[in-house]
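Structure first, then comments.
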Amino acid sequence: MGYRTLKDCLDDLERHGRLRRIDVEIDPHLEAAAIHRRVFAAGGPALLFTNVKGCRFPMASNLFGTVERAKWIFRDTLKAVGHLVDLKIEPERALKNPLGYLDAVRPALSMLPRPVGSGPVLKNTCRLSELPQMTSWPNDGGPFVTLPQVYTEDPAKPGLMASNLGMYRVQLAGNDYKVDGEVGLHYQIHRSIGVHHTKALEKGEPLRVNVFVGGGPAMAVAAVMPLPEGMSELTFAGALSNRATRMAKHPLGGPRIAAEADFCISGTIEPETKPEGPFGDHLGYYAKVHDFPVLKVDAVYHRDDAVWPFTVVHRPPAEDTAFGALIHEITGPIIPTVLPGVRQVHAVDEAGVHPLLLAVGSERYTPYGEDRRPQEILTQANAILGQGQLSLAKYLMIADGKGEPGLDCDDMPAFFRHVLERVDWSRDLHFQTRTTIDTLDYSAGMRLNEGSKVVIAAAGPKRRDLPTGWTGTVPLPAGCDGIYIIAPGIAAIGGREHSPPDGQRRDPLLRTLAASLDDPRHPLADFPLIVLCDDPAFAAESWHNFLWVTFTRSNPSADLDGGGAFYDEDDKHWGCRGPLVIDARLKPWHAAVMEEDPDVTRRVKELAGLGGPLHGLY
């Protein structure tokens, strides 16, 4: 029937052996996060920290730590929600098979949120400093809420059905925030809260904001759902939990509050901003300090049995990987209806989600033509880059797939092989420069949110066999050292530290290496893709490393070069006739890689040692 509260979920997980209580005192500053990371990596259970240092509230994490457990949590509703999606795509299915879609009735009836007078979350109040001061990484700017549900209503059309529920970073303390009076609200571009904030400023009013923490697990999933602008996430939460989302009247007259939440931080934001961060983030680096809105806190509410849920943000895969898998399972069938001709889209988690999109499209414009080249898939690529958060993609690789009907972009080795066998670098690279990218991506070295994109489109018959090695000695220019095979057709080459001339962002070594590949007799000339990186052995160690290094550390417009590179001034088109080279070295302006505190690492290893309270967990 779905869970009404977080405690209901935790109790059920514990009854079924899917949760482990940790009763030894754990510090929310770095220790809890270090334990979480190890348990997640081991595929371990959900965790309930009952003895939190300096805080009376217990904490829970890793609820969605495996895709299997995430699906288990919603085992009573996931299939029915899938049927709702089916009926949205093709309503006549209900007429063809009414009994088969009968289970969709209950979640459909639960979609309308229910206003109520009060709720358990309003039973008590506390100060911000009494909340768990959860800090994940040594250089974080302070504690922050890692699973917030930030709720706003449209100032031009107040009410539950025009509301937005999003998961945006909320810094609880640190920097220049007033103790117990202010928190930082970091929301990125292409988020609906920005629309609400804009309307409030146009009316000359502050925007009232409620930050919910906890409650039924459907609320957390709803907060990250990519729903169309103007469609309330509360409706999805109701369907996924099989019960209408109860929204309580605000004691201070603001927007309604999720009645079953464990906590609610309530306040207002105005035009004022303050420095927020730094914070370890989902790309695997520290997001730098930037000015973001300030939430002036009016009250902090909590229920009697409140539990503080958290996750840890770090280089993927992380717990939010399961969120992505769940969302993909629910929304995947909708893609062809929203993007005609597009069969599949995969935001690659290992590359930090936004930096790399893979897609399978369709070439149907000229079925009578013999010359198969990208045409319709270029239209489809533009459509993909026009869809909400998909528009933040930095690299989009799209293939026709006609020559391989079973092509699946979830199978990344097979997808890359298919594209690299067919791509023509002189024709199939299409750039956008000085455009928007992920707020957390610093690869471009430009202003916040600014960078470039490239569409790599592949269609037509196979044009090359992909090499898996070379013969003879490979001549490398000075500054390059070490060659490793990543996959058929993909090689990694080590390069010295990135050192661009003053006032420039391109290091001459990229051009030097690319120029050395002009000769078709070069031992690497048959490799279509070469990655210049700091540690080629690390990049070649796994697909996980290759994807992370290559696509989080490069900016297409500045970091792509190639053998036989040319620029056609008539068409303003850049391409290359030899191997494409991506400069994926760390750059001076990049954000720092996250690393643990050695003392904390030592402590959590001791806790997991033989006879220790966490023995067997990781």
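Once you charge only the Cβ atoms, +1 for Lys and Arg and -1 for Asp and Glu, what is the size of the charge dipole of the range 406-546 about its Cα centre, to the nearest 20 debye? List each step's numbers first, then the result.
On the way: 14 positive and 20 negative charges, 104 e Å.
Roughly 500 debye for the range 406-546.
The phi torsions of the range 160-172, fed into the Karplus equation with coefficients 6.51, -1.76 and 1.60 and a -60° offset, translate into couplings of 5, 7, 10, 8, 10, 10, x, 9, 10, 5, 10, 8, 7 Hz, rounded to whole numbers, with Gly and Pro shown as x.
For residue 216, the residues whose amide H sits under 5 Å from its own are 6, ignoring neighbours fewer than 5 places away on the same chain, with H placed 1.01 Å from N.
From the gyration tensor of the Cα coordinates in the range 297-427, what semi-axes in whole Å does the equivalent ellipsoid have, largest first, with each one equal to sqrt(5λ)? Walk me through the numbers before you get to the answer.
Working: eigenvalues 273, 49, 35 Å².
Its equivalent ellipsoid spans semi-axes of 37, 16, 13 Å.
How high is the FRET efficiency between residue 464 and residue 518 when r is their beta carbon distance and R₀ equals 25 Å, given to the nearest 0.05?
Working: r = 18 Å, r/R0 = 0.70.
It comes to 0.90.
Rg over Rh for the range 193-347 works out to 0.98, using Cα positions for both radii and the Kirkwood form for Rh.
Ordering 591, 560, 474 by Cα displacement along the dipole of the range 459-618 toward the positive end leaves 474 in first place; charges were set at the Cβ atoms of Lys, Arg (+1) and Asp, Glu (-1). Less than 5 angstrom separates the built amide H of residue 482 from those of 494, all sequence-distant by 5 or more or on a different chain. Relative contact order of the chain: what whole-number percent is it, with Cα pairs under 8 angstrom and at least 6 residues apart? After rounding, I find 13 percent. Extending 7 Å from Cα along the Cβ direction at residue 577 and again at residue 129 yields two label points whose distance is 7.1 nm.
Of all DSSP beta bridges confined to the range 463-617, the antiparallel ones make up roughly 55%.
Enter the per residue convex hull volume of the range 393-545, computed from alpha-carbon coordinates, in Å³ rounded to the nearest integer.
Numbers: hull volume 20.7 nm³, N = 153.
Once divided by residue count, the hull of the range 393-545 is 135 Å³.
What number in nm² do you get for the range 64-147 if you take the convex hull of its Cα atoms and divide its surface by four? Present the calculation step by step, with values, prior to reporting the outcome.
On the way: hull surface 39.2 nm².
Taking a quarter of the hull surface, the average projection is 9.8 nm².
Among the trypsin sites (Lys or Arg not before Pro) found in the range 190-228, those both in a DSSP coil and sparsely packed, with 11 or fewer other Cβ atoms within 10 Å of their Cβ, are 203. Packing around the peptides 328-339, 347-358, taken as the average count of other Cβ atoms within 10 Å per residue, puts them in this order, highest first: 347-358, 328-339. Using the alpha-carbon positions of the range 394-444, Rg (one decimal) and Dmax (whole number) come out as 13.7, 37 Å.
Whole-percent P(r), the range 140-279, all Cα pairs, 5 Å bins from 0: 2, 10, 20, 24, 22, 14, 7, 2, 0.
Tell me the Kirkwood hydrodynamic radius of the range 262-369 in angstroms, computed as one over the mean inverse distance between distinct C-alpha pairs.
Values: mean 1/r = 0.0554 Å⁻¹.
Radius from the Kirkwood sum: 18.0 Å.
Working from label points 7 Å from Cα in the Cα-to-Cβ sense, the residue 338 to residue 391 distance is 1.3 nm. Across the options 285, 263, 207, the greatest Cα extent toward the positive end of the charge dipole of the range 189-334 (unit charges at beta carbon of Lys, Arg, Asp, Glu) belongs to 207.
Computed on the Cα trace of the range 1-146, the radius of gyration divided by the Kirkwood hydrodynamic radius gives Rg/Rh = 1.08. Annotation: amide H of residue 287 within the under-5 Å range of 279, 280, 281, sequence separation 5 or more or interchain, hydrogens built in the peptide plane.
As a length-normalised measure over Cα pairs under 8 Å and 6 or more apart, the relative contact order of the range 422-578 settles at 26 percent.
With a simple spin-label model that places each label point 7 Å from the Cα along the Cα-to-Cβ direction, the separation between residue 199 and residue 304 comes to 3.8 nm. Each semi-axis of the equivalent ellipsoid for the range 456-503 is √(5λ) with λ an eigenvalue of the Cα gyration tensor; in descending order they amount to 28, 18, 9 Å. Measuring nothing but alpha carbons in the chain and taking Rh as the Kirkwood radius, the Rg to Rh ratio lands at 0.98.
Quote the charge dipole size of the chain about the Cα centre in Debye, to the nearest 20; the model charges only the Cβ of Lys and Arg (+1) and of Asp and Glu (-1).
Values: 65 positive and 78 negative charges, 287 e Å.
Magnitude of the dipole: close to 1380 debye.
Count the DSSP beta bridges whose two residues both fall in the chain, then state the antiparallel fraction as a percent rounded to the nearest 5. If I count the DSSP bridges inside the chain, around 70 percent turn out antiparallel. With the cut-off at under 17 Å, measuring from each backbone N in the range 178-194 to a point 7 Å along the Cα-to-Cβ line of residue 447 picks out 188-190. Ranking 483, 412, 383 by how far each Cα lies toward the positive end of the dipole of the range 372-488 (charges on Cβ) leaves 383 at the top. Taking each residue as 0.36 nm, the span from residue 21 to residue 592 lengthens on full extension beyond its C-alpha to C-alpha distance by 202.2 nm.
Computed 3J(HN,Hα) for the range 122-129, one whole-Hz value per residue from the Karplus formula 6.51 cos²θ - 1.76 cosθ + 1.60 where θ = phi - 60°, is 8, 5, 9, 10, 8, 9, 4, 5, glycine and proline marked x.
Here is the list for the range 570-612: trypsin sites (Lys or Arg not before Pro) lying in DSSP coil, each with at most 11 other C-beta atoms within 10 angstrom of its C-beta, are 572.
Per-residue 3J(HN,Hα) values for the range 205-212, derived from phi via the Karplus relation 6.51 cos²θ - 1.76 cosθ + 1.60 with θ = phi - 60°, read 10, x, 9, 7, 9, 10, 10, 8 Hz in sequence order (x marks Gly and Pro).
Which whole number of Å³ per residue matches the convex hull of the alpha-carbon atoms in the range 36-111?
Hull volume normalised by residue count: 134 Å³.
Please give the FRET efficiency for residue 99 paired with residue 431, using the beta carbon to beta carbon distance and R0 = 51 Å, rounded to the nearest 0.05. Intermediate values should be presented prior to the final figure.
Numbers: r = 52 Å, r/R0 = 1.03.
Calculated transfer efficiency: 0.45.
Readers should treat all values here as calculations from the given coordinates under stated rules, not as data from a laboratory. These numbers were taken from a predicted model, which means no experiment stands behind them. Note that we place each Cβ from the backbone using ideal geometry, even for glycine, and neighbour counts take in every protein chain shown.
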